[in-house]
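Student: Sharing a structure, written as structure tokens. Questions coming.
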Amino acid sequence: RNLGRNREDLRSELCQHLAGFPDRPFILYTGTIEPRKNLDVLIRAFAQFHYNKEFTLILAGGFGWKYEAVKKLPDELGVGDRVRFLGYQSCEIFELLYNAAEVFVYPSLYEGFGMPNVEAMQCGAPVITSNASCLPEVVGDAALLFDPKNPDELVAKMEKLIESPSLR
């Protein structure tokens, strides 16, 4: 649900609940950490993101199969200090995360439905999702779409949302 509170206050609350949570704007992904979720493209896009020194990339969800390479990638790209893997969290924490996020990104290559997009939209988070699988049908015209194999396109969409409060 949309908590109707400003993002700064929600980030402060997250800092109280999660040790080491960065009190700064963040881009959020929720879901399992595994190859079909395409997180390498998200992390590569974040590394190229013009505002990556002002933002943190938060990846919240359980670790699935073959997650090791994704977990190492932020350090390899020089953004390890600005990428956080939170693991699986309670429903209350997920609700705070969605409400506090500046942008929610869901770069998945394949989904049966893509519920995290719906959860993010319900909480009022601006959504960027891949144009693959069923995801365009799920979000309709309420999100920005990108080619999930093109990190440059994702960077452009992230920057567009950050630079346009009215679009958010």
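The values are calculated or read from the model by the stated rules, or taken from the named source; none is laboratory data. In this text, all values refer to a predicted model and were calculated from it rather than measured experimentally. Every residue, glycine as well, gets a Cβ built from its backbone with ideal geometry; the counts of neighbours run over all protein chains shown. With ligands, DNA and RNA removed, areas are computed over all heavy atoms of the protein, side chains included. Shrake-Rupley method; radii C 1.70, N 1.55, O 1.52, S 1.80 Å.
Student: Name the pairs: first residue in segment 115-137 and at positive phi and of a type in the set (S, T, N, Q), second residue modelled with pLDDT under 95 and not in a helix (DSSP H, G or I), Cβ to Cβ under 7 Å, at least 6 apart or on different chains?
Tutor: What qualifies is Ser133/Tyr110; Ser133/Glu111.
Student: Same structure again: Can you report the number of residues in segment 151-168 which are among the polar types (S, T, N, Q) and either open to solvent by less than 50 Å² (accessible area, probe 1.4 Å) or under 23 Å from Glu95 (Cβ atoms) (or both)?
Tutor: 1
Student: Can Ile58 be described as under 21 Å from Pro126 (Cβ atoms), modelled with pLDDT of 95 or more and in a helix (DSSP H, G or I)?
Tutor: no
Student: Which one is nearest to Val155 (Cα to Cα), of the residues in segment 30-40 that are within 12 Å of the chain's Cα centre (by Cα) and either among the basic types (Lys, Arg) or assigned to a helix (DSSP H, G or I) (or both)?
Tutor: Within segment 30-40, the match that is nearest to Val155 (Cα to Cα) is Leu39.
Student: Report the residue count in segment 52-82 for those that are under 15 Å from the mean Cα position of the chain (by Cα) and among the small types (Gly, Ala, Ser).
Tutor: 3
Student: List pairs: first residue in segment 7-29 and closer than 16 Å to Val103 by Cβ, second residue polar (S, T, N, Q) and in a helix (DSSP H, G or I) anywhere in the structure, Cβ distance under 7 angstrom, at least six positions apart or on different chains.
Tutor: Leu10/Asn99
Student: Still on this structure, I have one more. Could you say which residue among Phe49, Phe21, Phe55 is in contact with a Cys (Cβ under 7 Å, 6 or more places away or on another chain) and open to solvent by less than 40 Å² (accessible area, probe 1.4 Å)?
Tutor: Of the residues listed, the single one that is in contact with a Cys (Cβ under 7 Å, 6 or more places away or on another chain) and open to solvent by less than 40 Å² (accessible area, probe 1.4 Å) is Phe21.
Student: Something else now. Looking at segment 152-165, I want the residues that are more than 10 Å from Ile27 (Cβ to Cβ) and have a partner that is modelled with pLDDT of 95 or more and acidic (Asp, Glu) with Cβ atoms under 9 Å, at least 6 apart or on another chain. Which pairs are those?
Tutor: Partner pairs satisfying both residue conditions: Glu153/Asp147; Leu154/Asp147.
Student: Oh, and also: Pairs please, first residue from segment 79-101 and among the hydroxyl-bearing types (Ser, Thr, Tyr), second anywhere and open to solvent by 50 Å² or more (accessible area, probe 1.4 Å), Cβ atoms under 7 Å, 6+ apart in sequence or on different chains.
Tutor: From segment 79-101, the pairs are Tyr98/Glu119.
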